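> Before I ask anything, let me first share the structure, which is written out below as structure tokens.
The values are calculated or read from the model by the stated rules, or taken from the named source; none is laboratory data. These numbers were taken from a predicted model, which means no experiment stands behind them. Cβ sites come from the backbone with ideal geometry, for glycine too, and all protein chains shown count toward neighbours.
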Amino acid sequence: MASYRFASVYVDPKGSPIRALYKHLGEPGMISFAGGYPDPQLFDEEGLRQASERAFANSKGCLEYGATEGTPGLKNEIVRLMHTRGVSTRPENIIVTTGSQQAFDLVLRVMVEKGDRVLVEQPTYSTNIQAVHAYQANVQSVPVTADGLDVEALERMLASARVSGQLPKLLYTIPNFSNPSGATMPRERRIRLLQLAAQYQLLLVEDDPYGGLRFKGEAVPSLMALAGEVPGAQDWVVHLSSLSKIVAPGLRVGWAVAPVEILRRCSVAKQSADVGSSPWTQSIAAEYLSGGRMTTHLEHICAAYGAKCRALADGLRRELGEALAFHEPSGGMFIWARLTGTVTASELLERAIARGVMFVPGEGFQVDSSDPFTLRLSFATPTLDEVALGTRRLGEALADALARKSPQALPA
């Protein structure tokens, strides 16, 4: 066997805990609460087909290379979209990326060196924990409550770090319907977070792929939208977003809105990564956004996800009762839960797969002090009937797991 000299971070890499479950998706009758995939039945296929035809008819240039920062047409549409979200920005403050995942990777590439302290929420999106580790950062977690990032805990951490001379370089947060916790940060907490960012010169990387998926309650302005209310905060916010969850992930269209000095360096980093994102798909995205169908279609998506979320929450209460504690979100795609007894999430998953239902144990979304009793369930993809059947199977799986833990009767 060849002895390859791998980079140190890839000698023994750990893959995504979600991807590890995909081998079970093909099993007959399997119901998945695992993946964070949008429901393909809700894609606006006709609208995207029309946008694709217009993109090709209006500009054969979409078949050529494009500017690294993104096509002017799409950047202008993103400016308009961000304006509807309360953010006034300009094309020069935007870089188009191959999904928001690449946007985060570019920020890490230009900001983080080996040993730098990087803060993430706990729990947080598992793939971005991998991303930070790939740059050999010193990753530390900030706890999350039902109202999102615990800003008081963060303030204590920053005060202590200043005394030790080890201030973190950036913090990654998902303020709206976080993956995996489903939590949304209230306005007052966002303002305090922005004040801390300005005070400690802490770069906030705000990831907002789910903000458009609110199905109840009032929308909360993004950190970037609120930054103008806090002196000095605008220089310390990078906003990431994407069309993956609200239009279609196959477009692979994401973007970052950030200060020009950060984006200039991200552009150079992107040149060495992929030269530039596909002008073809950017043109389709631009035509779709300019056509005006997204607003109406998004209302349809939110209504469907709201019904599925309620069905999942009701099913979990009915089938698992007090054995599972969780907070029902107001949008997004996920419910974060915790088993209250002696059965761990991994033990439950083993019995659940045998029963034909899957979820993701929560340990993969945690940096340290992992809680083996936590789990993430996505309500986006299953049908309402599958949600009902899946929760019933989860209840049966828990009964199986509890029976395995029961002491066996001793022989007489």
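> Among R162, R187, R192, R156, which is farther than 30 Å from P13 by Cβ and within 21 Å of the chain's Cα centre (by Cα)?
Selected residue: R187, the only one of R162, R187, R192, R156 that is farther than 30 Å from P13 by Cβ and within 21 Å of the chain's Cα centre (by Cα).
> Something else now. Output the residues belonging to the range 252-266 that are in contact (Cβ under 8 Å) with a residue 40 or more places away in the chain and in a helix (DSSP H, G or I).
Hits for the range 252-266 are V260, I262, L263, R265, C266.
> Something else now. So which residues in the range 72-87 are under 14 Å from V253 (Cα atoms) and either aliphatic (A, V, I, L, M) or part of a loop (DSSP other than H, G, I, E, B) (or both), if there are any at all?
L74, I78, L81
> For L394, are the conditions met, namely being crowded, with 22+ Cβ neighbours inside 10 Å and within 30 Å of P249 (Cα to Cα)?
Yes, satisfied.
> Run down A219, A227 and say which single residue is over 20 Å from G35 (Cβ atoms) and either in a loop (DSSP other than H, G, I, E, B) or not assigned by TED's automatic domain parsing to the domain that holds E77 (or both).
A219
> Given the structure, is A34 within 26 Å of D274 (Cβ to Cβ) and not in a helix (DSSP H, G or I)?
In short, no.
> Right, next: Residues L251, L312, L316, L240: which one is touching a Phe, Trp or Tyr at 6+ places or on another chain (Cβ under 8 Å), of a type in the set (A, V, I, L, M) and not assigned by TED's automatic domain parsing to the domain that holds L389?
The unique qualifying residue is L240.
> If you don't mind, there's one more thing I want to ask. Can you find, within the range 5-19, the residue that is modelled with the lowest pLDDT among those that are over 18 Å from the mean Cα position of the chain (by Cα) and surrounded by 10 or more Cβ atoms within 10 Å (Cβ to Cβ)?
K14
> Starting from residues that are hydroxyl-bearing (S, T, Y) and closer than 19 Å to S181 by Cβ, keep the ones in the range 275-330 and report whichever is surrounded by the most Cβ atoms within 10 Å (Cβ to Cβ). Can you show your working first?
In the first step, residues of the range 275-330 are kept if they are hydroxyl-bearing (S, T, Y); the result is 277-278, 281, 283, 288, 290, 295-296, 305, 330.
Those left that are additionally closer than 19 Å to S181 by Cβ: 305, 330.
Values: Y305: 25, S330: 20.
Of everything passing the filter in the range 275-330, Y305 is surrounded by the most Cβ atoms within 10 Å (Cβ to Cβ).
> Oh, and also: Look through the range 127-174, keep the residues that are in a helix (DSSP H, G or I), β-branched (V, I, T) and in contact (Cβ under 8 Å) with a residue 12 or more places away in the chain, and return whichever of them is surrounded by the fewest Cβ atoms within 10 Å (Cβ to Cβ).
T127
> Can you tell me which of (1) surrounded by fewer than 19 Cβ atoms within 10 Å (Cβ to Cβ); (2) assigned by TED's automatic domain parsing to the domain that holds A248 is the one A2 doesn't meet?
Unmet for A2, out of (1) surrounded by fewer than 19 Cβ atoms within 10 Å (Cβ to Cβ); (2) assigned by TED's automatic domain parsing to the domain that holds A248: (2).
> Identify all residues within the range 208-219 that are surrounded by fewer than 20 Cβ atoms within 10 Å (Cβ to Cβ) and closer than 14 Å to M185 by Cβ; write none if there are none.
If the condition is that a residue be surrounded by fewer than 20 Cβ atoms within 10 Å (Cβ to Cβ) and closer than 14 Å to M185 by Cβ, then G217, E218, A219 are the ones that fit.
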